[in-house]
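Reviewing the structure listed below.
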Amino acid sequence: MGDINAIFKSYDIRGLYPQEIDEEVCINVGCAFAKFLLEEDPQTTKIIVGVDMRLSSESLSDQFIKGILSVGLDVIHLGLSSTDMLYYASGSLGAPGAIFTASHNPAEYNGIKLCRAYAAPIGEGSGLERIKNLSSTVIQIPDESNGAVTHFDLLEGFTDHVLSFVKPEVIAGKKIVVDTANGMGGLIVPSVFKQIPSEVNILYEELDGSFPNHPADPLNQENLKDLIKSVVDSSADIGLAFDGDADRVFLIDETGMPLSGSITTAIVAKSILDQQSDATIIHNLICSQVVEETIFAEGGKAVRSRVGHSHIKKLMAETGAEFAGEHSGHYYFKRNFRADSGIIAALIVLECMAMKGVKLSELREIYDVYSSTGEMNYRVRNQEELLKVVEQKFINEETDHLDGLTVKSENWWFNLRPSNTEPLIRLNLEAKSKSKCDEMLNVIENIIVAFEESDGNH
């Protein structure tokens, strides 16, 4: 049997197949998920299940479903789905859901993302620990199941929903290159763009969980090389890079330059505020300062959030926010049941370009005003002690502990966050100039080195 303790993470379930996550574990998790939902709401009757194209997704999900059925709940089986399709299904059908995916992880991984009805989050602090505890019990599955499975194709409904966020006719005529990395974007992208008269070239469209061309992780610049080359060589207007389960997207402008998740967040935020000037918009605390500045400049209300979808979705519900964005390429929409969708964000950016009559390189210029390090990881033995040392070094600056340690000065800011899963500290630093960014990076790295050389004891 796999390792329950290893696979339950902060936001989802994920691990190596079959060493950590296997069929036996998935029976237990399916049964536990059903019991957890019935504890919360005894009126629960069904759970939606989708799978990505990973080689182990079908066999794992079959056992997971077996666990659900044993408790007496029914299953609505979506078949092959992107994660945002699962969230749409959960929202439109008003039922909890699960999708088998390991997102951007390599082929040897698999996992499960869970949600309550209407795509409400389940993560650390919002139910995942309870499901883990229930999963730890060895479950005897009866030979006869009590629930039933219904198969449901939601692709057309999902496509219509996505297109409702923009005026498709405005986007018409654009030349678009999409790299779906053999992931679930290969299912949803053709369906969406079939409705928009445009020239679309899809790289690695075939659904193949072995990822034969490159890993489905657009955060890694190496994985964008083919897309960048294709955009430049074909004089395309934009490039779109999706991750494995297609809930995230990264954009490439016509010159071959990638946009950060922060710049995309700022562009989408401006579009939302053009339609609703007093909207509340959430950004996680490591988004560029330009996001908050854009929201304020347009008359909106900006709310800072911890990193991670469960925190953001909870905050969206509490504040009534119309939109939320993360540096990592997650974009959440109130009208999308507060769930994230890469394809919706991409369409909104395309619409902005068309309505303003500008190239993406011109559109991004407005927001590309700060220098940043991006996310950098450092291996340290005692993350919490390091944060105390760093805070003491910057005792005269503005600090907060919303998520790790954030230190803010007039010309720069940085955030240090402990990893939830590894002995790592994550640094995000931004400054008004490249020289100031380099200077502050050097200062912080020297503190980390000195800390480690002292055996992490202060």
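Any read-out appearing in this document is the output of simple, stated calculations on the displayed coordinates, not a laboratory observation. Just so it is clear, the model here is predicted, and its values are computed rather than measured. As a convention, Cβ positions derive from the backbone with ideal geometry for all residues, glycine included, and neighbour counts pool all protein chains shown.
Obtain the radius of gyration and the Kirkwood radius of region 56-136 from its C-alpha atoms and give Rg over Rh.
0.94
Taking H as built 1.01 Å from N, whose amide H comes closer than 5 Å to the amide H of Ile21, not counting residues under 5 places away?
Asp3, Leu16
Which percent, to the nearest 5, of DSSP beta bridges fully inside region 200-357 are antiparallel?
Around 55 percent antiparallel, to the nearest 5.
Report the per residue volume, in Å³, of the convex hull enclosing the C-alpha atoms of region 170-252.
Cα convex hull per residue, to the nearest whole number: 81 Å³.
At 7 Å along the Cα-to-beta-carbon direction for both Glu129 and Arg335, put a label point, then send me their distance in nm to one decimal.
Reported label-point gap for Glu129 and Arg335 is 3.8 nm.
Across 5 Å bins from the origin, how do the percents of Cα pairs in region 4-155 run, short distances first?
Values per bin, smallest distances first: 2, 11, 22, 26, 23, 13, 3, 0.
Calculate the translational D of region 299-458 in whole µm² s⁻¹ from Stokes-Einstein, where the hydrodynamic radius comes from the Kirkwood formula applied to all Cα pairs, the temperature is 25 °C and the viscosity 0.890 mPa s.
Rounded to a whole number, D works out at 137 µm²/s.
In region 178-253, what GluC sites (Glu not before Pro) fall in a loop by DSSP, with at most 10 other Cβ atoms inside 10 Å?
none
Please report the relative contact order for region 4-155, taking Cα pairs under 8 Å with a sequence separation of at least 6, and give it as a percent rounded to a whole number.
33 percent
How much length is gained on full extension from Thr399 to Met257, taking 0.36 nm per residue of separation minus their Cα-Cα distance?
47.8 nm
Would you mind calculating the relative contact order of the chain from Cα pairs under 8 angstrom and at least 6 residues apart, reporting the percent as a whole number?
The normalised contact order for the chain reaches 12 percent.
So which lysines can Lys436 reach, going by Cα to Cα under 22 Å and dropping same-chain residues fewer than 8 places off?
Lys393, Lys408
Hey, could you pull the Cα Rg and Dmax for region 183-323, both in Å?
16.8, 47
Just to check I understand the Karplus step: with θ = phi - 60° and J = 6.51 cos²θ - 1.76 cosθ + 1.60, what whole-Hz values come out for region 174-179, glycine and proline as x?
6, 9, 10, 10, 10, 10
Let's see if you can work this out: charge +1 on each Lys and Arg Cβ, -1 on each Asp and Glu Cβ, no other charges. What is the dipole magnitude of the chain about its Cα centre, in debye to the nearest 20?
In debye, rounded to 20, the chain gives about 800.
At Ala297 and Met376, where each label point lies 7 Å from the Cα along Cα→Cβ, what is the point-to-point distance in nanometres?
Placing both labels 7 Å along Cα→Cβ, they lie 2.8 nm apart.
Restricting to region 277-358, compute how many DSSP beta bridges are antiparallel as a %, nearest 5.
Antiparallel bridges: around 40 percent, rounded to the nearest 5.
For the chain, what is Rg from Cα atoms divided by 2.2 N^0.38 Å, rounded to two decimals?
Normalised Cα radius of gyration, the chain: 0.98.
If you take every DSSP beta bridge whose two residues both sit in the chain, what share of them, in percent to the nearest 5, is antiparallel?
60 percent
Give the calculated FRET efficiency between Asp3 and Val369 to the nearest 0.05, with a Förster radius of 45 Å applied to their Cβ-Cβ distance.
Once rounded, the FRET efficiency stands at 0.45.
Report the normalised scattering of region 1-89 as log10 I(q)/I(0) at q = 0.22 Å⁻¹, calculated by the Debye formula with identical scatterers on the alpha carbons.
-1.21
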